[in-house]
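Let me begin by presenting the structure, written as structure tokens, before commenting on it.
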Amino acid sequence: MNIPFHGCATALITPFRSGAVDYPALKRLIDFQIENGVSALVACGTTGEAPTLCSEEKREIIAYTVRAARGRVPVIAGCGSPSTDFAAGFARDAQRDGASAVLCVTPYYNKATDMGVYMHYKAVGDAVDIPLIAYNVPSRTGLTISSEAYSLLCEIPNFCGVKEASGNAVYTGKILAEFKDRFSVWSGCDELTAPIYSLGGKGVISVISNILPAEMSKLCRLCEEGYMSEAAELQLHLMPMITALFSEINPIPVKTALHAMGFCTPEMRLPLCRMGNKNEENLRRRLREFSLISD
């Protein structure tokens, strides 16, 4: 199965206005991303507040993102659910609406054995013909995909790789050492983009690229062209902003930043809520340092 992208894919926020999805704001953000060189867009992921969206909203957002992208970049649809039937259904709808691939988080709350993880992903993979990307984020799901489970996932014909967001560089290195010739690994942690590239990764599914798409696209390009020293310098340059964007639960800070930049309202859906004053002040200071706001 060919991989759907390499480089920087932006995990898009979902902008809201008066409780509903703000599609004009989403269109502005999509165009901003593509015009600044990102390689793909991810709709309805964690950063898009997917757990707070109803099924119809998810379908509409994915279909709208595909239309707004106009074939300029692939659109990857988040279809994760603790219910395998729901995840497979979301994946079918996403393929019908033009998504280039689906991103499916491990089944949270239910969790699963290695065989359960395999059967979950096999059911989602069997529901579609497009590439399937697993999503390993144990801090949110309570489940880490094991080496044994990955061996099983390799048997799924359209399984193409994993968004690796454990934040554990040792674990990630072991997975790459064992499997990099069998499937692709994309960083799910902005701060580990260059390190994972250096071990054989294919890119990043990024939060910071919502506000700095050109810089994250450049970082990926430097890594792919072998300029690892320059990539390391840029990675370190971005670290203060990455730290600020993860000073509270994602996507609270990045949506706060995009509001300050004029892209959207600050609306979030509970249980997400406004940043604490100290963290917001620090975030705004970083935004000024990166010339993203002037006040």
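The values are calculated or read from the model by the stated rules, or taken from the named source; none is laboratory data. Since the structure is predicted, the reported quantities are computational estimates derived from the model, not experimental observations. FYI the Cβ positions are ideal-geometry reconstructions off the backbone, even for glycines, and counts take in every protein chain you see. To get the accessible areas, we keep the full protein, side chains included, count just its heavy atoms, and leave off ligands, DNA and RNA. Shrake-Rupley method; radii C 1.70, N 1.55, O 1.52, S 1.80 Å.
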- Do you know the relative contact order of region 1-152, to the nearest whole percent, from alpha carbon pairs under 8 angstrom that are 6+ apart? 20
- Can you pull the percent of the chain's accessible area that's carbon plus sulfur, 1.4 Å probe, other chains left in place? 52
- Task: At 0.36 nm per residue, minus the direct Cα-Cα distance, what do R96 and S55 gain on full extension? Give it in nm, one decimal, please.
- Result: 13.3 nm
- Task: Excluding Y23 itself, calculate the net charge of residues whose Cβ lies under 12 Å from the Cβ of Y23, where each Lys or Arg counts +1 and each Asp or Glu counts -1.
- Result: +1
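With a/c under 1.5 counting as rounded, go ahead and sort region 188-295 into rounded, prolate or oblate using the C-alpha gyration tensor (a ≥ b ≥ c being the square roots of the eigenvalues; past the cut-off, prolate if a/b is larger than b/c, else oblate). Please report the intermediate quantities before stating the final value.
On the way: a/c = 2.33, a/b = 1.85, b/c = 1.26.
Prolate shape, in that a/c is at least 1.5 and a/b is the bigger ratio.
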- Query: With the Cα gyration tensor of region 123-263 giving a ≥ b ≥ c as the square roots of its eigenvalues, does the rule (a/c under 1.5 for rounded; else a/b larger than b/c for prolate; else oblate) give rounded, prolate or oblate?
  - Reply: prolate
- Note on the structure: Here the net charge surrounding A88, from other residues whose Cβ is less than 11 Å away from its Cβ (Lys, Arg +1; Asp, Glu -1), is -1
- Item | For the chain: accessible area per residue (Å², 1.4 Å) | 42
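Would you compute, from DSSP H runs of 4+ residues alone, the mean residue ellipticity of the chain at 222 nm, taking -39500 (n - 2.57) per run and dividing by the full residue count, rounded to the nearest 500?
Numbers: 12 runs with 135 residues, N = 295.
Mean residue ellipticity, 222 nm, calculated: -14000 deg cm²/dmol.
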- Would you work out if the chain is rounded, prolate or oblate? Take a ≥ b ≥ c from the square roots of the eigenvalues of the alpha-carbon gyration tensor; rounded if a/c is under 1.5, else prolate when a/b is larger than b/c, oblate otherwise. oblate
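Taking 0.36 nm per residue of sequence separation and subtracting the Cα-Cα distance, how much length would be gained by fully extending the chain between R67 and I3, in nm to one decimal?
20.9 nm
Under a Cβ-only charge scheme (Lys and Arg +1, Asp and Glu -1), can you give me the dipole magnitude of the chain about the Cα centre, in debye to the nearest 20? Mind dumping the intermediate values first?
Values: 28 positive and 31 negative charges, 84 e Å.
Using Cβ point charges on Lys, Arg, Asp and Glu, the chain gives about 400 debye.
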- Mind grabbing the accessible area of F263 for me, 1.4 Å probe, Å², rounded to tens? 40
- Would you mind telling me the antiparallel percentage of the DSSP bridges in the chain, rounded to 5? 5
- Note on the structure: For T243 and E148, extending 7 Å from Cα along the Cα-Cβ vector and measuring point to point gives, in nm, a value of 4.0
